[in-house]
1. Considering only segment 97-117, how many residues are surrounded by 19 or more Cβ atoms within 10 Å (Cβ to Cβ) and within 20 Å of residue 60 (Cα to Cα)?
2. Before we move on, is residue 192 over 27 Å from residue 34 (Cβ atoms), of a type in the set (Ser, Thr, Tyr) and part of a loop (DSSP other than H, G, I, E, B)?
3. From the list 79, 118, 72, 167, which residue is at positive phi and out of contact with any Asp or Glu (no Cβ under 6 Å at 6 or more places or on another chain)?
4. Could you grab me the full set of residues in segment 170-189 that are in contact with a Phe, Trp or Tyr (Cβ under 6 Å, 6 or more places away or on another chain) and assigned to a loop (DSSP other than H, G, I, E, B)?
5. Closer than 30 Å to residue 113 by Cα and either at pLDDT below 85 or assigned by TED's automatic domain parsing to the domain that holds residue 107 (or both): which single residue out of 245, 241, 234 fits that description?
6. I'm trying to understand the selection: among the residues of segment 11-31, which are at pLDDT 70 or above and either among the acidic types (Asp, Glu) or surrounded by 14 or more Cβ atoms within 10 Å (Cβ to Cβ) (or both)?
7. For segment 31-109, list the strands (runs of 3 or more DSSP E) that sit wholly inside it and hold at least 3 residues that are under 21 Å from residue 132 (Cα atoms) and of a type outside the set (Phe, Trp, Tyr); which are they?
8. Answer yes or no as to whether residue 135 is touching a helix residue (DSSP H, G or I) at 6+ places or on another chain (Cβ under 6 Å), surrounded by fewer than 17 Cβ atoms within 10 Å (Cβ to Cβ) and either modelled with pLDDT of 90 or more or over 18 Å from residue 99 (Cβ atoms) (or both).
Amino acid sequence: MEELDRADELAEPLGLQTLTWAPEYSAQDMAALQDEDDDVIRWLQNDLSPTADELRSFSLIVRNLWAQRAELEFREDVLVRVLPDRAQLVVPQTIRKVPFDHVHAGPLAAHLGAERTLAQLKQHYFWPVMKKDVELWYRQCADCARGRSSPSRPHGKLTKVVVGEPLDVVAVDILSGLPSTPENFKYILVITDYFTKWAESYPLKDAEAPTCMRTLYNHFFSTFGVPRQLHSDQGINFRVQTVSQVLSTNRCS
């Protein structure tokens, strides 16, 4: 009988506790913030239905949210959007950047691109013109801007890299945009062998070319050997003369 009761509990609609939001906001706080900036909430609370002429006088954002009304419902006075596989918090306008900052640049985030950040946000959150906001905030992210560089020449066509044995081609890249550790490490040097897919990672305090090459030489090269070819994204870390001299000395292209 207890198992049947448990099954009934699992079959019930998801409670408000399954939603995700910043811990500093209680359900009452969230409901109050929603009330401040949304005419749609007032219409739903009072069972009102504006006419088409009345809707035209409201912003596109209000009309967009009203168009979703079949999927909207209140849980503990908080407005949520209920989909077949999940419930999304309808985020108040005043705090919409909070979940973006958490998902895109939080302690466990990886500064993903706009599309992947949007996909993660949609797992728990919803608001009108969400895609437009995420793309704008992504372009404004200072860490992402520092990591992007304009191509100096047109991109070539993608081709398959043919390798025949370990250390034929080894790829190297810098992972940036991470929070600093107590030891002041800020970057991760990631090295992957194309043939075996074996990956190694080493923390760095800076991403300068001498630091990268010293780490490569003292850790990867000394453990696994020198690859025939070292492949990078042609970042400044791997295009300076120091790198070229070390690679040519070890007969690595």
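1. 0
2. No; evaluated as a whole, the condition is false for this residue.
3. Going through 79, 118, 72, 167 in turn, the sole match is 167.
4. The answer is 176, and nothing else.
5. Sole residue among the options that is closer than 30 Å to residue 113 by Cα and either at pLDDT below 85 or assigned by TED's automatic domain parsing to the domain that holds residue 107 (or both): 234.
6. Result: 25, 27, 29, 30, 31.
7. 87-90
8. Yes.
The values are calculated or read from the model by the stated rules, or taken from the named source; none is laboratory data. Computed from a prediction, not measured in an experiment: that's the story for all the values here. All Cβ positions, even for glycine, are placed from backbone atoms using ideal geometry, and neighbour counts span all protein chains on display.
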